[in-house]
Amino acid sequence: MHTVYTKRTTELIAVSPNGITYVIQRRCRSLPCDDGEQAFFYCCLPDGSAVSWLGQNHYQLSDGTVLLAVACRLTDSN
């Protein structure tokens, strides 16, 4: 079964404690047969590296760096 991204991507601007800015892409992911209850958000960097959501606008990179999301926007639907 193919994964379906049902909504436009949300881009989050996040900052690390040392001031480096990251763009996190957040997508709603579900399987075609799901009625929406099994959908979940998948977060990654533009290069595809997974990012974990910690709650309260905090995210964590695979190297353990914790980021604080400071802004968000919907991407173009093109």
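A few comments on the model shown:
- Summing +1 for each Lys or Arg and -1 for each Asp or Glu among the other residues whose beta-carbon sits under 15 angstrom from that of Tyr22 gives -1.
- Couplings for segment 9-16, taken from phi via the Karplus curve 6.51 cos²θ - 1.76 cosθ + 1.60 with θ = phi - 60°, read 5, 9, 9, 10, 9, 10, 10, 7 Hz in order; Gly and Pro are left as x.
- Taking a sphere under 9 Å around the Cβ of Cys72 and counting the other residues whose Cβ falls inside, with K and R at +1 and D and E at -1, yields a net charge of +1.
- Between Cys28 and Asp76, the simple spin-label model (points 7 angstrom out along Cα→Cβ) gives 2.3 nm.
- Less than 5 angstrom separates the built amide H of Val51 from those of Cys43, Cys44, Leu45, all sequence-distant by 5 or more or on a different chain.
- Coupling constants for segment 40-46 follow from the phi torsions by the Karplus curve (6.51 cos²θ - 1.76 cosθ + 1.60, θ = phi - 60°), and in residue order they are 8, 8, 10, 10, 7, 7, x Hz; glycine and proline get x.
Read-outs: derived from the displayed coordinates by stated rules, not from any lab. This is a predicted model, so every value here is computed, not measured. All Cβ positions, even for glycine, are placed from backbone atoms using ideal geometry, and neighbour counts span all protein chains on display.
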